[in-house]
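Peer 1: There's a structure below that I have some questions on.
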Amino acid sequence: MSLSRRDFLRASALTAAATTLGVGTVFNSKMFAATGIDKDQFMQDSQGVMWHKSVCRLCGVGCGVMLGVKDGKPFGIRGDKDNTVNAGLLCVKGFYLNKMITAKNRLMYPMIRKNGKLTRATWDEALDFVAKKFTEIKEKYGPDALAFYGSGQAETEETYVANKLFKGHIGTNNVEGNPRLCMASAVGGYISTFGADEPVGTYDDIEKCDMFLLVGSNTAEAHPVVYDRIVARKKQNPNVKVVIIDPRKTPTNKIADLHLQVIPGYDLAIMNAMAKLIIDNGYADEQFIKDSVNFSDGTNPITYEDYKKFLEKFTPEYAAKQCGVKAEDIVKAAKLFGETPRVMTMWCMGVNQRVAGVFLNNLIHNLHLLTGKIGKDGCDSFSLTGQPNACGGVREGGGLSHLLPGHRVVANEKHRKEIAEIWNVPAENIKPAPGKHTVAMFEALGTGDIKGIFILCTSPAQSLPNLNKYLKGMEDAFMVVAESFHPTETSQIADVVLPAAFWGEKEGVYGCTERRSQHMAKALQPAGESRWDAFILVDIAKRMGYGKNFEHFTTAEAIWNEYLKTTKGTDMDLTGATYARLKKVRGLRWPVPSEDHPGTGHRFTEGDPYFPKDKAAGKRMYFYTKSDGKAVIFARPDKGPEEQTSPEYPIALTTGRILEQWHTMSMTGQVPELVRAAPRPYVEINPEDAKALGISTRDKVRMVTKRGSLIVEAKVIDRPRKGTIFVPWHWPESLTNILTIDAVDPGSKEPEYKVAACRLEKA
Amino acid sequence: MKKIYLVILFILALGIVSLGFITNQQSEKHPDVDWSLGCQECHSERTPEVYNDWYTSRHGMVNFGCYICHGDGQETFYAKGSDAQCGGCHAGQLVSFDSSKFKSCFDCHNGHTLKFHND
């Protein structure tokens, strides 16, 4: 007799209740026994399995996950059916989270490099050494000779402690994180357009949307559960349209009604052309523009008329010529955008990882501001975040060289004073000038301007663009790496490697794409001698003499509570998101200013607790993060890629991801099933290009850029546009990033991973 | 004399049959193949019908591959998928088989096409 659904649900609810009381609460296994457990292995083994509420360790969707633990070991994973983000659905990567916890390459003990070799050390030895070296460097060369490089996969509590230590105590703003490499342009776009970071709407808009414009996003593989919601929406209403702008056909194309398969790097012209068509054909919401929009050329305010004049050159024919698509398709896309009542644009790395990334973000927002398709059901310019906590920890926690917690900036005196007070340090401790952004930071390791660096939960020795340029600097500097897995490209060249507790072994908060902060339970003891990253940093702080302001950080909740103070009264107010509440609910979307506030759907409009009805005076939206309540439409030129193709390098190289692997494979590469899906590195080559070069699938080919050359296996497939190749960057044995260019967007400092010029030949 | 031989033969036969039966139940082993390949690289040619069933299914359309149900082949291998695996990603669709003659997801859903009642 099977376990009845009602009993299973009751047991789940009991477990959910149990987990709010913390790890170790006795689970009532009688519940299952009473129902007469059957032969089904899953249900049978569920006797004595404690299911803990958590959030997926991987992409920025933020799926709810239940981690099953039995006898102190990871037992299994299932989707959290009560989480509104995914309603119990998972993708293939999340499905194997438990296998990552027990991967063979888990780092179990600290290591110090002695005589050129990493050798086992005790925690005291390792941390004393780190504290001593950091203090020496600081005293001899100044605080800016030190740096911290963190991650959008670190918990908010971890980034908060690092920020407080480095900016508030050591006294350097050289605090960066890998979101600089993925989301910085989106941040720049949001802040310049709206005055504040992160989307106006939420995932709720998906089920009310009538048209999805997907730009530079292979949603099916990079955000599978969001893709599933779009698919379901289209299935529910077959009139829903999907328009894609991307140089590559991807699995996402399965639901596309229109695909503008652009030459990589030239799509800004399309956005401006669409804006022109929207205005010319009367699709602009003139009242909304009057109420809520200012215009700017990037330096000075301009008028609506100036903007229309600026757009004159962006005819569909001009844009079509720039990016190699049909003018009529641009017209079609604009018509659909203008006519469809509810439109969402979603984008990801194809837009952000560009030297014109901020511009392109602005141009996307422009379309929604022109038509007023924002801040209401089914309408939004909705940036998809790549990492699980780029929003929560780094963008909100202030883990970049120019930021402070709670959407503040180091350059603002009032902001420095507010944070210094919470950190209990003199305001002068926090320097007003931004520190080095990521590429500059790793450049400085090479020049010796930075002599010591602490790297947390990321692998720059694989993920930096133009990789070969930065490796020696990492080897020369005093590099401390806190990591759960070893070896990685970065840990293997470190001077000190510290074993970090992994997902499931630590409590903390992740904030995902839709401004939702969610609590992750600690369900297991850290493996081996590994310790929680936040406690590692606290320990270092103590050993460097800063213990006074860190000794109260004895629990994750204590750190979170201090962090909450930095958000109070800001546009990202999280005051109502206490641990007690977060443990019960499936996350809360800020602003959530009090414990009885349900969280916010659409910002800057009715329903947003900070919407100033009086100032708005009848307007539907008031962007209160701008001094006059108006968002900005930017007249941005159609800036192309840094490195154009040439006779010597005639192919456009673009890089990206596959469904089954996450980033540098330190986690997903340990799961045999995921490796089986795509066992070898490869490059996607368009069949026409392949024919011209005499290349067949499985032939070895050489890709050459100005920066390096790499030999991989060819996969001839009708995906990349003719004249373009696509290379995934996951395999440590085939470091794609030796080919990519480290040119950055001047505003966001985000590198252009998505376009480079390359030569392709049979190897 | 003949009868004893027959009896011994019978016992031996029984032993061999039951050995085969036990082995069958205990060992699910994928043939030893070139493990540098992915499932699809072989099976699109070796088992084209099953491959096509999967390829046109909801799983195939999003490239949720063989390994989810069958393991990676080398370290883990299951000839058949199990409800436990479905429940991992489809926790929202767990149903009660109590008052039903069906006892498994696969009683209704074809493992490859995923279609209901093989429709």
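Peer 1: Whole-Hz Karplus ³J(HN,Hα) for the range A:607-623, in order, using 6.51 cos²θ - 1.76 cosθ + 1.60 and θ = phi - 60°, x for Gly and Pro?
Peer 2: x, 7, x, 9, 5, x, 4, 5, 5, 5, 6, x, 5, 5, 10, 9, 7
Peer 1: To continue, here is another question. Can you compute the charge dipole magnitude of chain A about its Cα centre, using +1 on each Lys and Arg Cβ and -1 on each Asp and Glu Cβ, nothing else charged? Give it in debye, rounded to the nearest 20.
Peer 2: That gives a dipole near 1060 debye.
Peer 1: So, R0 is 22 Å and r is the distance between the beta-carbons of B:His117 and B:Thr56; what FRET efficiency does that work out to, to 0.05?
Peer 2: For B:His117 and B:Thr56, the calculated efficiency is 0.85.
Peer 1: Could you name the lysines in cross-link range of A:Lys99, using Cα to Cα under 25 Å and dropping any fewer than eight places away on the same chain?
Peer 2: Excluding near neighbours in sequence, the set is A:Lys39, A:Lys53, A:Lys70, A:Lys73, A:Lys81, A:Lys506, A:Lys522, A:Lys583, B:Lys29, B:Lys80.
Peer 1: Let me ask you something else. Ordered by packing density, taken as the mean number of other Cβ atoms within 10 Å over each peptide's residues, highest first, how do B:29-35, A:530-536 rank?
Peer 2: Final packing ranking: A:530-536, B:29-35.
Peer 1: Cα gyration tensor of the range B:37-91, axes a ≥ b ≥ c as square roots of the eigenvalues: rounded (a/c below 1.5), prolate (a/b > b/c) or oblate?
Peer 2: It is oblate, given that a/c is not under 1.5 and a/b is not larger than b/c.
Peer 1: Could you list A:Phe337, A:Phe442 so that the one with the fewest beta carbons within 10 Å of its beta carbon is first and the one with the most is last?
Peer 2: Placing the least packed residue first, the sequence is A:Phe337, A:Phe442.
Peer 1: Which aspartates and glutamates does B:Lys103 reach when only Cα atoms under 20 Å apart count, and residues fewer than 8 places away in its own chain are ignored?
Peer 2: A:Asp7, A:Asp38, A:Asp40, A:Asp45, B:Asp83, B:Asp119
Peer 1: While we're on this one: When a/c is below 1.5 the answer is rounded, else prolate if a/b is larger than b/c, else oblate, so apply that to the range A:651-762 with a ≥ b ≥ c taken from the square roots of the Cα gyration tensor eigenvalues.
Peer 2: oblate
Peer 1: Normalising by the residue count of the range A:125-270, find the relative contact order in percent from Cα pairs under 8 Å and 6+ residues apart.
Peer 2: Over the range A:125-270, the number comes to 14 percent.
Peer 1: Take peptide B:62-75, look around each residue's Cβ out to 10 angstrom, count Cβ atoms belonging to other protein chains, and average those counts.
Peer 2: 6
Peer 1: For the protein assembly as shown, what does the alpha-carbon gyration tensor say about shape, rounded, prolate or oblate, given a ≥ b ≥ c as the root eigenvalues, a/c under 1.5 as rounded, and a/b over b/c as prolate?
Peer 2: rounded
Peer 1: If you place +1 on the Cβ of every Lys and Arg, -1 on the Cβ of every Asp and Glu, and leave all else neutral, what size is the dipole of the range A:606-737 about its Cα centre, to the nearest 20 Debye?
Peer 2: 260 debye
Peer 1: Under a Cβ-Cβ cut-off of 9 Å, what is the net charge of the residues other than B:Tyr67 that fall near it, where Lys and Arg count +1 and Asp and Glu count -1?
Peer 2: Local net charge: -2.
Peer 1: Please state the relative contact order of the range A:62-189 as a whole percent: Cα pairs under 8 Å, 6+ residues apart?
Peer 2: 13 percent
Peer 1: With θ set to phi - 60°, apply the Karplus curve 6.51 cos²θ - 1.76 cosθ + 1.60 along the range A:185-202 and write out the HN-Hα couplings as whole Hz, x wherever there is a Gly or Pro.
Peer 2: Couplings: 5, 5, 4, x, x, 4, 5, 6, 6, 10, x, 7, 7, 5, x, 6, x, 9 Hz.
Peer 1: Which ³J(HN,Hα) values in Hz, rounded to whole numbers, follow from the phi angles of the range A:549-554 under the Karplus curve 6.51 cos²θ - 1.76 cosθ + 1.60, where θ = phi - 60° and Gly and Pro get x?
Peer 2: 8, 10, 5, 7, 7, 9
Peer 1: Now, a different point. How do the peptides A:392-398, A:512-518 rank, highest first, by the average count of neighbouring beta carbon atoms within 10 Å per residue?
Peer 2: Top to bottom by mean Cβ count within 10 Å: A:392-398, A:512-518.
Peer 1: Mind putting a number on the dipole of the range A:184-383 about its Cα centre? Charges go on the C-beta only, +1 for Lys and Arg and -1 for Asp and Glu, and I need it in Debye to the nearest 20.
Peer 2: Using Cβ point charges on Lys, Arg, Asp and Glu, the range A:184-383 gives about 560 debye.
Peer 1: Using Cβ contacts closer than 10 Å as the measure, can you line up A:Thr315, A:Thr385, A:Thr340 from fewest to most?
Peer 2: A:Thr315, A:Thr340, A:Thr385
Peer 1: Which whole number gives the average, over all residues in A:184-194, of C-beta atoms from other chains lying within 10 Å of the residue C-beta?
Peer 2: Per residue, the number of nearby Cβ atoms from other chains is 0 on average.
Peer 1: Taking the beta-carbon count within 10 Å as an exposure proxy, list A:Glu136, A:Glu198 from fewest neighbours to most.
Peer 2: A:Glu136, A:Glu198
Peer 1: Check the straight Cα-Cα distances from A:Lys167 and name the lysines below 19 Å, setting aside those fewer than 8 residues away within the same chain.
Peer 2: A:Lys132, A:Lys133, A:Lys138, A:Lys140, A:Lys414, A:Lys417, A:Lys431, A:Lys436, A:Lys451, A:Lys542, A:Lys548, A:Lys565
Peer 1: Could you order peptides A:342-354, A:698-710 by the average number of other Cβ atoms within 10 Å of their residues, highest first?
Peer 2: A:342-354, A:698-710
Values quoted throughout were computed directly from the atomic coordinates according to the rules given, and no laboratory measurement underlies them. Everything quoted here is computed from the prediction, not taken from an experiment. Quick reminder, even Gly has a Cβ in these numbers, built from the backbone with ideal geometry, and neighbours come from all protein chains shown.
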